[in-house]
């Protein structure tokens, strides 16, 4: 252990004649009139049309398409939301594709097709309409049995911002499969209940034994299937988490986000900014269905989810 003279000597060597040191040179001071007026770039209302078109191409090989608006968000790392990164994974029959990320976990929705995903010594089989979660600390090799399209979401931007590494072998990041059949069965339970004016929608949230106390899917992400009968409207509301809405069945459906009307498109993704007033409107002949992902975990943990109707 250093003695006092050694500490003083080290300090003197790092301090110039004006008394400044390398430590004080790193300091910056901000003296605002209102410390809550910091203005980082806003999260925009955004539909990822270019990425959607690329994902639905019939030519080209298996590929990963990142939904990245980090430049608009003022971030130095890829991000779809400040805390979330989304990707399409287009899979062509006979061509496997590997996703290797440093994330707590990866949530997938199977937009179309069927196949398997191998990670470590395990393999999980999936079909159209399934949702599954894989650990984010191991490479996942996705092998389609036919042409397929996956939608994948991670908490990479949150970890990048916090300069964190995911914990391995956590009960929060074990592989989980939610099958289309079980999703539909739980939606039937939801629809069997009497409607209430305060209903936020007819939805089923995906959770696990490790995350159910907060009602989330992973420590950060909440994923649900949201539905709306044909001809109906979802009541306008707000919440602090931002949201990504993937159109699964969006014929004749549109959203209104802070006064902006956005038409739904097949397999399109709509970004709803945090705190934005938004509603969904089904004018087609089929039940609206979507996969909604929010960075709710940090808000539930902080007790600031901020949900409210505002119509």
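Compute a Gaussian network model of the chain, connecting alpha carbons closer than 10 Å, and tell me which residue from 239, 186, 281 fluctuates the most. In this elastic network of the chain, the residue with the biggest mean-square fluctuation among 239, 186, 281 is 186.
Which of 293, 31, 223 ends up with the largest GNM mean-square fluctuation for the chain, with Cα atoms connected below 10 Å? Looking only at 293, 31, 223, the biggest GNM fluctuation is shown by 31.
Projecting the alpha carbon convex hull of the range 203-311 along each direction and taking the average yields 6.4 nm².
Distance between the 7 Å Cα→Cβ label points at residue 283 and residue 29: 5.8 nm. Pair-distance distribution of the chain: all C-alpha pairs, bin width 20 Å, starting at 0; shares per bin in whole percent are 29, 52, 14, 5, 0.
Gain on full extension, evaluated as 0.36 nm per residue between residue 258 and residue 230 minus their Cα-Cα distance, stands at 7.8 nm. Label positions at residue 59 and residue 37, each projected 7 Å from the Cα along the C-beta direction, are separated by 5.5 nm. All Cα-Cα distances of the range 132-238, cut into 10 Å bins from zero to the largest, leave 11, 35, 33, 18, 4 percent in each bin in turn.
One Cα centroid belongs to the range 180-206, the other to the range 57-102; the line between them spans 30 Å. The alpha carbon radius of gyration of the range 76-171, expressed as a multiple of 2.2 N^0.38 Å, is 1.07. In terms of packing, defined here as the mean over residues of other Cβ atoms within 10 angstrom, the peptides 54-65, 256-267 line up highest first as 256-267, 54-65.
Read-outs throughout are calculated quantities, based only on the coordinates presented, and are distinct from any laboratory measurement. Just so it is clear, the model here is predicted, and its values are computed rather than measured. Counting neighbours? That spans all protein chains shown, and the Cβs are built from the backbone with ideal geometry, glycine included.
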